[in-house]
């Protein structure tokens with residue numbers, strides 16, 4: 001079975017970097033095209049992932065845009081591996097892993113996220129994020145944790161964009177009851193969830209304890225849909241992240257999401273439960 005027509009996740013990362021580099025230089029597509037003796041449509045297609053990417057073309061554009069050598073090597077490697085299925089990264093460090101996720105999230109039209117243990121990152125308060133990140137990365141200095149918290153908070157900006165994605169979240173009831181940080185942290189986090197659920201493009205649902213065994217026991221999942229590119233699934237664990245794009249993997253996570261949706265409380269009941277746990 002072949003992947004849906006469209007650019008691979010590796011190619012999409014390269015296209016996004018090319019566009020960002022050009023914009024950082026305050027150049028138009030026409031100016032880049034003139035400098036490289038290309039058509040403006042070629043530059044546009046390279047930046048949007050509409051066409052395949054070729055190492056020589058990407059190298060020429062990176063050279064003209066004066067990309068740092070380390071980034072140049074990384075992007076050219078991604079171009080050469082562009083048709084490999086899925087994209088798994090191991091040991092890259094949290095900031096770098098999140099950078100790739102943030103870029104791709106910002107291109108999504110819809111995000112579906114299930115979390116069995118913690119509030120999803122897109123809905124965390126800064127205090128809650130600090131407690132979670134600090135607990136899982138005790139080797140990080142306080143300043144490093146603060147930087148990761150700022151990165152996570154910055155990631156949430158897409159929810160305030162007028163053209164931002166819709167966000168559908170399902171959490172296990174344990175997420176709401178597990179005390180993270182002191183009482184004030186959880187109080188603030190639960191009230192933040194209630195407030196976010198009132199946004200028109202955000203839906204929050206809860207899988208209650210009474211459900212028993214369910215599809216969520218296999219762990220968290222995130223599905224991202226796009227207007228003009230294939231669907232991606234994102235996975236994150238200790239020291240590794242992955243973007244899945246092959247149809248069998250996408251089908252598997254879609255089935256899990258549908259099963260979770262069938263067992264979760266309706267949105268109104270879910271928000272009512274969250275408000276009750278917050279104390280009103």
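Out of the stretch 135-192, which residues are modelled with pLDDT of 95 or more and assigned to a loop (DSSP other than H, G, I, E, B)? Selection gives 165 alone.
Would you be able to say whether some residue in the stretch 256-273 is under 25 Å from residue 89 (Cβ atoms), without any contact (Cβ under 8 Å) to a residue 60 or more places away in the chain and assigned by TED's automatic domain parsing to the domain that holds residue 118? No, the conditions are met nowhere in the stretch 256-273.
Look at residue 53 and say whether it is buried (at least 16 other Cβ atoms within 10 Å of the Cβ), touching a strand residue (DSSP E or B) at 6+ places or on another chain (Cβ under 9 Å) and in contact (Cβ under 8 Å) with a residue 12 or more places away in the chain. Here the answer is no, as residue 53 does not meet what is asked.
Looking at this structure, is residue 67 touching a helix residue (DSSP H, G or I) at 6+ places or on another chain (Cβ under 9 Å), over 30 Å from residue 252 (Cα atoms) and not in a helix (DSSP H, G or I)? Considered against the rule, which asks whether it is touching a helix residue (DSSP H, G or I) at 6+ places or on another chain (Cβ under 9 Å), over 30 Å from residue 252 (Cα atoms) and not in a helix (DSSP H, G or I), residue 67 comes out as yes.
Out of 144, 108, one residue alone is assigned by TED's automatic domain parsing to the domain that holds residue 182, without any contact (Cβ under 8 Å) to a residue 40 or more places away in the chain and either surrounded by fewer than 17 Cβ atoms within 10 Å (Cβ to Cβ) or closer than 29 Å to residue 259 by Cα (or both). It is 144.
Screening 75, 101, 122, 117 for residues that are in the same structural domain as residue 63 (by TED's automatic domain parsing) and at pLDDT 85 or above leaves exactly one candidate, 75.
Among the criteria (1) without any contact (Cβ under 8 Å) to a residue 40 or more places away in the chain; (2) surrounded by fewer than 17 Cβ atoms within 10 Å (Cβ to Cβ); (3) in the same structural domain as residue 197 (by TED's automatic domain parsing), the one residue 133 does not fulfil is (2). State whether the residues of the stretch 7-30 include one that is more than 26 Å from residue 108 (Cβ to Cβ), at pLDDT 90 or above and in a helix (DSSP H, G or I). Among the residues of the stretch 7-30, at least one is more than 26 Å from residue 108 (Cβ to Cβ), at pLDDT 90 or above and in a helix (DSSP H, G or I), which makes the answer yes. Only one entry of 161, 155 meets the criterion of being without any contact (Cβ under 8 Å) to a residue 60 or more places away in the chain and crowded, with 17+ Cβ neighbours inside 10 Å, and that entry is 155. When the stretch 216-229 is filtered for residues that are at pLDDT below 90, surrounded by fewer than 22 Cβ atoms within 10 Å (Cβ to Cβ) and within 16 Å of the chain's Cα centre (by Cα), only 227 remains.
The values are calculated or read from the model by the stated rules, or taken from the named source; none is laboratory data. What you see is a predicted model, and the numbers here were worked out from it, not measured in a lab. FYI the Cβ positions are ideal-geometry reconstructions off the backbone, even for glycines, and counts take in every protein chain you see.
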